[in-house]
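Below you'll find the structure, written out as structure tokens, and then a few comments.
The values are calculated or read from the model by the stated rules, or taken from the named source; none is laboratory data. Bear in mind that the values here come from a model prediction, so they are computed numbers and not experimental data. When we count neighbours, we look across all protein chains shown, and the Cβ atoms used for this are built from the backbone with ideal geometry, even at glycine. All accessible areas refer to the heavy atoms of the entire protein, side chains included, with ligands and DNA or RNA removed. Shrake-Rupley method; radii C 1.70, N 1.55, O 1.52, S 1.80 Å.
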Amino acid sequence: MQDSMRMRAVQSPIIPIVGELIRQTPGTISLGQGVVNYPPPGQAIAQITNFLADPANHKYQAVEGIPELKSAIAQKLTTENRIDLSDREIVVTAGSNMAFLNVVLAIADPGDEIILQTPFYFNHEMAIDLASCRAVLVPTDDHYQIQPELIRAAMTQRTRAVVTISPNNPTGVVYPESALREVNQICRQHNCFHITDEAYEYFTYGVEHFSAGSIAESANHTISLFSLSKAYGFASWRIGYMVIPKFLLESVQKIQDTNVICPAVVSQFAAVGALQAGRAYCQEKLNAIAQVREIVLAKLETIPHLCTVPKAEGAFYFLLKMQTDLDAMELVRQLIRDHQVAVLPGFTFGLKEGCYLRVGYGALEKETAIEGIQRLVTGLQAISASQSSIDGIKSP
């Protein structure tokens with residue numbers, strides 16, 4: 001017996017693989033996983049008492065989310081994202097990864113195409129493969145910005161959606177409003193969907209985040225995905241949500257009812273409390289992350305001969321282009337084994353040529369970040385020197 005051909009086509013998640021290497025090397029500082037270092041707000045935890053007060057909360061609830069949470073989300077979307085909800089529906093999901101898979105299953109048939117920007121978020125590609133669809137990869141430019149003209153050229157009769165992530169994982173770039181509007185227009189012209197992933201919407205540094213869902217003329221062509229995992233320290237609570245055209249609701253309900261029935265209701269209650277705390281809670285934490293970002297960037301700028309650090313004004317990542325012939329996974333292994341610092345290899349984000357590393361800094365306190373980035377810089381310098389020595393021995 002063996003697993004299905006479809007599942008063999010899906011890449012293995014890289015984080016558990018790197019996690020096992022970290023466990024084998026105690027004391028390793030991880031610059032790998034994309035989480036923050038702070039907990040949910042107190043209002044979120046306080047809502048658990050309200051959940052426990054009513055025995056009915058232990059029963060199944062509405063597939064698309066409890067009314068209290070949907071109402072809080074609607075207010076946030078209207079005031080912060082400027083999204084008109086007149087012809088749209090909000091669906092609460094068990095994280096935005098579930099939202100993305102729900103969407104792909106709802107809009108695409110096996111063999112249909114979903115356009116991703118390279119480098120891509122690996123769980124998006126995995127979801128497309130799970131649905132027996134085809135990920136069409138369109139490269140970004142040297143600064144990891146989207147190239148609308150290449151997206152337009154990649155459109156076919158089987159294109160069902162174009163995916164953008166801004167602020168971006170894994171690059172940290174923020175797409176300008178003009179580029180997102182152009183992608184949105186392409187999707188209208190080709191009668192497909194623009195799936196816009198905004199999990200990192202609050203994580204910007206000196207630039208503004210733009211929600212493509214606010215483009216009024218594209219209400220039937222835009223699907224917006226959001227998450228509480230990052231901004232509210234909510235990763236394990238598994239609450240995300242999406243904004244979809246009304247005509248997709250029935251399909252999405254079928255999918256979600258089959259997969260999970262409804263997101264964990266206790267988590268939904270906690271999410272109500274998180275949204276009551278609101279952006280002000282997140283902003284205080286983001287100021288500290290911005291300071292860590294400056295420390296990491298300053299350290300990386302001391303080794304321009306070893307790596308290129310494209311401009312990144314969002315999320316909490318830098319995607320380094322390494323000046324080495326080493327395989328990215330081998331470089332990751334050496335950094336963990338010999339220097340006790342972990343990063344993620346670029347190939348998991350679709351970068352098959354060259355050596356790239358994703359450095360994440362959101363999970364670290366300031367002192368740990370300083371130590372972690374110093375280990376990374378020292379490790380890269382040592383590995384480069386060792387590799388140069390080997391290359392010198394090999395030369396005639």
> Straight-line reach from K70: which aspartates and glutamates have a Cα under 14 Å away, not including same-chain ones fewer than 8 places off?
Replying inline: E89
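Does the stretch 187-253 classify as rounded, prolate or oblate by the C-alpha gyration tensor (a ≥ b ≥ c root eigenvalues; a/c under 1.5 gives rounded; else a/b over b/c gives prolate, otherwise oblate)?
Details: a/c = 3.24, a/b = 1.35, b/c = 2.40.
Taking the square roots of the gyration eigenvalues as a ≥ b ≥ c, the stretch 187-253 is oblate.
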> By a straight-distance test (C-alpha under 17 Å), which aspartates and glutamates pair with K59 as possible cross-link partners, with residues fewer than eight away in the same chain excluded?
Replying inline: E68, D257
> Rank S86, S166 by accessible area, highest first, at a 1.4 Å probe radius?
Replying inline: S86, S166
> In the stretch 273-355, what GluC sites (Glu not before Pro) fall in a loop by DSSP, with at most 12 other Cβ atoms inside 10 Å?
Replying inline: E301, E353
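What dipole magnitude, in Debye to the nearest 20, does the stretch 208-260 give about its Cα centre under +1 on Lys/Arg Cβ and -1 on Asp/Glu Cβ?
On the way: 4 positive and 4 negative charges, 39 e Å.
So the dipole magnitude of the stretch 208-260 works out to roughly 180 debye.
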> So how far, in whole Å, is the C-alpha centre of the stretch 71-93 from the one of the stretch 241-306?
Replying inline: 15 Å
> Which value in nm describes the separation of the simple spin-label points at D327 and Q276, placed 7 Å from the Cα toward the beta carbon?
Replying inline: 5.3 nm
>> For the stretch 64-140, take the convex hull of the Cα atoms, compute a quarter of its surface area, and give me that in nm², please.
In response: 6.3 nm²
> Once the whole set of protein chains is in place, how much accessible area is left on T324, using a 1.4 Å probe, in Å² to the nearest 10?
Replying inline: 40 Å²
> Looking only at I255, I195, I289, which one moves most when the chain is put into a Gaussian network model with springs between Cα atoms under 10 Å?
Replying inline: I255
> So how tilted is helix 366-394 from the main axis of the chain? Cα-based, degrees 0 to 90, rounded to 10.
Replying inline: 50 degrees
>> Within the stretch 183-329, what whole-number % of the accessible surface is contributed by carbon and sulfur, with the 1.4 Å probe and all protein chains included in the calculation?
In response: 47 percent
> If you build the Cα gyration tensor of the chain and take the root of 5 times each eigenvalue, what three semi-axes come out, in whole angstrom, biggest first?
Replying inline: 35, 25, 20
> What 222 nm value per residue comes from the helices of the chain, counting each DSSP H run with n ≥ 4 as -39,500 (n - 2.57) and dividing by all residues, nearest 500 deg cm²/dmol?
Replying inline: -13500 deg cm²/dmol
>> Out of all DSSP beta bridges in the chain, what portion is antiparallel? Express it as a percent rounded to 5.
In response: 50 percent
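Whole number in Å², please: accessible area per residue of the stretch 4-126, 1.4 Å probe, ligands, DNA and RNA not counted.
Working: 5730 Å² over 123 residues.
Ligands and nucleic acids excluded, the figure is 47 Å² per residue.
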